[in-house]
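Below is one structure, written out as C-alpha cells; the observations come after it.
The values are calculated or read from the model by the stated rules, or taken from the named source; none is laboratory data. Remember, predicted model here, so these are calculated numbers, not experimental data. Here Cβ is always computed from backbone atoms with ideal geometry, including for glycine, and neighbour counts include all displayed protein chains. For accessibility, only protein heavy atoms count, side chains too; no ligands or nucleic acids. Shrake-Rupley method; radii C 1.70, N 1.55, O 1.52, S 1.80 Å.
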Amino acid sequence: LTPRGTIYTHDSTHVGNSLILYHPDGIRNVQPTPGIIKYIFETEQVVGFGVRRYLPLYSHPDPFRHYPHFPARLYSSVLADHLETVKPEWVVSHFAHWNFSPQHIVVVSLCRVCPLPS
C-alpha cells in the first residue's frame with residue numbers, strides 16, 4: 001500500500017515498512033504511538049491496518065527526554081496482545097528501532113520535516 005508515496009507492508013513482507021508511528025484513534029493532540037502492521041485490509045470504503053502497539057515503559061525514566069531535538073523514545077519491547085485498527089491518515093511516519101536490552105527498545109522517528117530536493 002502506498003498512500004502519499006509512502007510504502008506500508010505487513011511485518012511478514014517487510015518489517016521496516018511495517019513499523020509506524022501513529023495517532024491512536026486519530027487523536028492528534030497525543031504523542032504518536034509506535035506499532036507494527038500485522039494486517040492490511042480493505043472494506044467497501046476504507047483501507048486500514050491491523051496494528052499491535054509497543055507498550056509504554058513505566059519502570060524507567062526515558063533517558064531521551066533530555067534531548068527534545070533528537071526524536072528518540074524508550075519503549076517496552078513487548079507488543080500489546082490485541083490488534084488496533086489504524087487508518088493510513090493517522091500515521092505520522094515510519095520508525096527505526098534498536099534493541100536497547102531484552103526488555104527495552106529505542107524508537108527513532110523517520111519523519112521527514114522538509115521534502116528532499118528532486
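For this structure, a couple of remarks:
- Leading residue by the ranking (most open to solvent (accessible area, probe 1.4 Å)) among those in segment 9-24 that are small (G, A, S) and in contact (Cβ under 8 Å) with a residue 12 or more places away in the chain: G16
- Check on F64, of a type in the set (F, W, Y), under 28 Å from P102 (Cβ atoms) and touching a Lys or Arg at 6+ places or on another chain (Cβ under 7 Å): yes
- Qualifying residue in segment 65-79 (condition: surrounded by 18 or more Cβ atoms within 10 Å (Cβ to Cβ), in contact with an Asp or Glu (Cβ under 7 Å, 6 or more places away or on another chain) and touching a residue at least 12 places away in the same chain (Cβ under 8 Å)): yes
- Within segment 25-42, considering residues that are assigned to a strand (DSSP E or B), touching a residue at least 24 places away in the same chain (Cβ under 8 Å) and under 8 Å from the mean Cα position of the chain (by Cα), the one surrounded by the fewest Cβ atoms within 10 Å (Cβ to Cβ): I36
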